[in-house]
Structures are given as C-alpha cells and as structure tokens.
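**Q** One structure, as structure tokens, below. Some questions next.
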Amino acid sequence: MIQNQPPDWWKHAVFYQIYPRSFYDSNNDGIGDLNGVIEKLDYLNDGQGGGLGIDAIWFSPIFKSPQRDFGYDTSDYCDIDPGYGTLADYDRLVEECHRRGIRIVLDLVLNHSSDLHPWFEESKQDRTNPKQDWYVWVDPKDDGSVPNNWLSLFGGKAWTFNEARGQYYMHSFLKEQPDLNWYNPEVREELAKVVRFWMNRGTDGFRLDTVNFFAYDQQLRDNPQRDPSEPILEKGQAKNPYFHQNTIYSKDRPENLEFIHFLRELFDEIPGTTSIGEMGSNFGLEGTIRNTAEYVKGQKHLHMAYTFAMLSTEMNADYFSKIVELTEHHFQDGWPCWSLGNHDTRRLVSRFECKGEREGFQQMMLMLLLCLRGTPILYYGEELDMEEIILEREQIQDPLGIYFWPEHKGRDGCRTPFPWNSGEPNQGFNQGGEPWLSGTSPICLDQAEEMQESTLHLLREMLKIRKSEPALQSGSYRLHLLQEDCLIFQRETDQQSITVAANFSVVEQRLDHDFSNCSDLTPKTMSRLGRVDGTGLVLPPSGFFIAKH
C-alpha cells in the first residue's frame, strides 16, 4: 500500500487497464511481461508530471494459467505465469508503481478455475475425495441428459460429463473453466487465502471477473427465454444463444450478495483496498443497472461496479444520458465505475465509427468519461486512438472467435500490441520477436507526441484538469439540457460548479445556455472545441466544452 493514502483514494483516481500480453515485451519472446510494464511506468505516471497521469493500473490476469482463455483460466492463484515473470518481478512491480504513486489492481477470477488446477484434478477423481464438493457436480437426468438448459457463454451447454464420477460439472464459460462451488465454506476459505496472499504483497485492489456468477439456483430450474424485443447489451453477441436466455437461475441470484459480503470483509482487513465488480446481466438496460446497484450500496458490498451499457455499438446523447440518469437514480450512495473499452469489446474508435463524419467523436467520449461522477477506466491504447484490428480466421486465438466464427470474430482485435515507436520492429512492442498477435496501428506513441491535437495530449491535459477541480472528482451530477443530440450537465460541490457540454451529432449546434460568468476549462488540444458566442454556446460536430462557475 502507498503510505498515508486516504481509504477512498479510488474515488478520485483514474484507472488504466493493461492487457499484459500486449503492453511491452522485454525479453523478445512475443509476449508482454511484468518487466516490460516496469520499463514503461514513467510513460504512465513518472511522479514529475511528464507521464500520462493515471493513478492506478488494472492488470488483466497474470496468474499461472494454461492460457485457454488467456489467464481467465487460473491453475495457480498464488503464482505468476512464467510468460509474465515471477513473484519477485511482481514484488518489484509493486515497489516501482508505489514509488510513482500508482496503485495496482489485480484481476481475480473467482467464479471458476482452470480444469488443470490441482483442486479440480482431485475433485474429478471420484465422489469421496476431500475436494469432491469444491465444484458444481450434478447427476444426469434419468435419461442421461444434462441437468437443465443452462448455456455456456462461450458456446454449447454449460455442462460436461465426467466418466469417473458419472456426473456433469458446470462451466459458465469453456469446459476447461469449471465453476467453483461457492456454497462450500471450504472453497470460500481457500479463496480468502488467495485474497490475503496478494493484499499482503502490497496489492491495492481487485477487479472481480464475472462477480454475479458465484451463486446459482440450487433447484437447477431451466432459464426462461428472454423477451426478443429487449435489446442485447452484452458484448454485441446477438448471434450467441446464451444472450437469448433470461439467465435468472444460472447467475444473478439474490444470495450472491452474501458471497459479496464475505469478500468485502476480506478487503476491509487492510484499509484502502478497493474492489471493482464486472456485472454482465441479461436484464435490459434499466434492469442491469438496477441489479448492479445492489452490489455497491452501503458498506457491505463492493466499492465499485460497472456494466457493459457504455460498451454498446450505438451511442447518442439520449442513450448516454439515459445510462447516466439510471445509474444516478439506482446507485444512490453507491459509487459508479465507467469505461468505454476493455479486453472484451471492439475498440472505441472502431465501435463508434469515429472516422469521416464522426471524426473527433472518440475524443469527445473520452472527455465525457472523465467528467462523470464515478471512477473512469481508460483501456490501454485509447490515448493513441488504437483501432480494432481485423484478423483472418487462421490468426484468431480467442475461444469466442474460434467457436462463433464468422458471426463473431472474437476479441483478439482489441488486444493487439501497444505501438510504442513507428521506426522500430513490431512498432516497438519488442526488439524482434514475433508478437503473439499480429496487426499494426495507424498511430504510434512517437507520432502522437508530435501531433498537436492528438488524443494523447488531450488526455494528459484533461487528467490534470480533473485532478485540480474538486467538482469533477466528487461533485454531484445534474442534467441541465438534452436536445438536438446534445447535452449539458453540471457537476457541483458546495464551493464549485462545473458545466460540461457535448455534441453527439455530425452538424454544428447552437445551445442556449448562459456562460457569460464562466471560465473556459476546455483543453486547447481538443480537435473540436466548443465556443461561447454571445449568450449561447456553439458546438461543432463531436464538439466539447467545459467551464467553471
């Protein structure tokens, strides 16, 4: 832990998600590693004001794993995967991050393990071993078929038969990712040891994968089909049968909150430890936000949680405002968490088609992200406008893409290597080893540094503004205007009021709002600057404006 940090540091922080395989490869084996991250820490925040300016890093899983789902299938929760380094490397990473004022948040996958984890290898042997009840084992129906209609998010049934036990085991994802039995207190205590192991090594928090999957209906009732009129929110997988079920029995159980209480008590053992829950639900927009809110209310739940609502393929002022308004309404004393991209979704620039008429749209969206009430998370490469890389079928490594091709091309396209330097091999990701994923980015870091209006410079400037204005960190949110695909909202404390305006449309808009007694805070590196004109505000297409009263 960083010394003398306030326990609610995470409320004022800007997080940066790193996909470790793709950040920087220090030993030229084609895979990014912890030593590579250490080498590049000054780029993120050097403590002297010259870095990007982030406060915390969320690392996608770095634990030992056979990499069937690239770390989301853990085979040893208390060791680093050799591809990323060693425990000694991790300890050095903690030291170097903390020296620069950067916190570390690890991605914990506690819903399931790898099928190569020693726990599962013992559990599957028979029905009498000490770990026989550590996973979800269920007898077949009388005809030998699967226990119910539950589906795997990665395709097919959520059940695989084991000959030795004569039973099915549950897997919400790959068959190589068996679900742990959270109803077994021995399992919970073993996972508690994992959490304490990493907290005691200086870890500042945890991002909890699939945090609403821990509990399941113990009567094993069939999931009903979802209302076909409701839009599918999660990850754009309309062709995936999983998203056409209303998964009220296989996840999102009310008793799941009891397991969240258990985890929160663990985190509270070391004050300042934070938690972020990933909440993917099939309840429609308002139902998903309402369900997520239950995970962050009061002092017995998670510190933060996020949905996939902002990771949609369509975005306009009405939809954006609706997400924020629903979150404000349902979260109450809970703290939101926001992101516009991550390792599961198409890149921001490509998803919102931020080229041509929508040029600058990604800059406007990132500025809004940093102005909302809640904690923002930037996905690595967003500062360089990294685009989705289109890969050929033989290049696909993601199990989702392999199973659902060609309807779903997988998630590899948003996980490609960070482009450090246009004049070096592999755009500076390493010094010559073949990268684990191919694909080049249009803009590298060295080029963005030379571009006056690059998103890189814009984010650096906006992060400084966010850190210096209390209303942007902790102020209330109030919608002021919503018209013509534009919005104006205010962030307010007792001492300060800040107004934010954005134009989601592809034409210039004039908004009636009095900015005569305001000071303009808009970063001048913004490519589409709004301007005060008499008694109104003029916003170009994808225009943005922020002012302090």
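The values are calculated or read from the model by the stated rules, or taken from the named source; none is laboratory data. Small disclaimer: the values here were computed from a predicted structure and weren't measured. When we count neighbours, we look across all protein chains shown, and the Cβ atoms used for this are built from the backbone with ideal geometry, even at glycine.
**Q** With surrounded by fewer than 23 Cβ atoms within 10 Å (Cβ to Cβ) and either among the β-branched types (Val, Ile, Thr) or under 20 Å from Trp436 (Cα atoms) (or both) as the only criterion, which of Asp46, Asp29 stands out?
**A** None of the others qualify; the one that does is Asp29.
**Q** Right, Ile2: in contact with a helix residue (DSSP H, G or I) (Cβ under 9 Å, 6 or more places away or on another chain), outside any helix (DSSP H, G or I) and either acidic (Asp, Glu) or surrounded by fewer than 23 Cβ atoms within 10 Å (Cβ to Cβ) (or both) or not?
**A** Numbers: in contact with a helix residue (DSSP H, G or I) (Cβ under 9 Å, 6 or more places away or on another chain): yes; outside any helix (DSSP H, G or I): yes; either acidic (Asp, Glu) or surrounded by fewer than 23 Cβ atoms within 10 Å (Cβ to Cβ) (or both): yes.
Yes.
**Q** Specify which of the listed residues (Gly30, Gly36) is among the small types (Gly, Ala, Ser) and either assigned to a loop (DSSP other than H, G, I, E, B) or in contact with a helix residue (DSSP H, G or I) (Cβ under 6 Å, 6 or more places away or on another chain) (or both). Reasoning before the result, please.
**A** Numbers: Gly36 fails: either assigned to a loop (DSSP other than H, G, I, E, B) or in contact with a helix residue (DSSP H, G or I) (Cβ under 6 Å, 6 or more places away or on another chain) (or both).
From the options Gly30, Gly36, the qualifying one is Gly30.
**Q** Turning to a different aspect of this structure: Checking the condition crowded, with 22+ Cβ neighbours inside 10 Å and either of a type in the set (Asp, Glu) or at pLDDT 95 or above (or both), which residue from Ala88, Ala56 passes?
**A** On the way: Ala88 fails: crowded, with 22+ Cβ neighbours inside 10 Å.
Checking each option against the conditions leaves just Ala56.
**Q** Still on this model: Considering only residues that are of a type in the set (Lys, Arg) and out of contact with any Pro (no Cβ under 9 Å at 6 or more places or on another chain), which ones fall in segment 465-474? Steps first, answer last, please.
**A** The initial filter retains those residues of segment 465-474 that are of a type in the set (Lys, Arg), namely 466-467.
Matches in segment 465-474: Lys467 only.
**Q** Right, another one. Under 7 Å between Cβ atoms, at least 6 apart or on separate chains: pull out the pairs that start in segment 347-364 with a residue that is farther than 16 Å from Glu314 by Cβ and end on any residue that is at pLDDT below 95 and among the hydrophobic types (A, V, I, L, M, F, W, C).
**A** Pairs that qualify, where the first residue is farther than 16 Å from Glu314 by Cβ and the partner is at pLDDT below 95 and among the hydrophobic types (A, V, I, L, M, F, W, C), are Gln363/Met526.
**Q** Residues that are crowded, with 19+ Cβ neighbours inside 10 Å: find the strands (runs of 3 or more DSSP E) completely inside segment 449-549 holding 2 or more of those.
**A** So the answer is 486-492, 497-503, 509-512, 536-539, 544-548.
**Q** Restricting to segment 486-519, name every residue that is free of Cβ contacts under 8 Å to residues at least 60 places away in the same chain and among the charged types (D, E, K, R).
**A** Residues satisfying the conditions are Glu492, Asp494, Glu508, Arg510, Asp512, Asp514.
**Q** Counting only residues that are among the aromatic types (Phe, Trp, Tyr) and assigned to a loop (DSSP other than H, G, I, E, B), which one in segment 129-180 is farthest from Val109 (Cα to Cα)?
**A** Trp150
**Q** Which helices (runs of 4 or more DSSP H) sit wholly inside segment 312-421 and have at least 1 residues that are within 26 Å of Pro523 (Cβ to Cβ)? Spell out how you get there, then give the answer.
**A** Working: elements: 317-331, 348-351, 361-369, 399-404.
Answer list for segment 312-421: 317-331, 348-351, 361-369.
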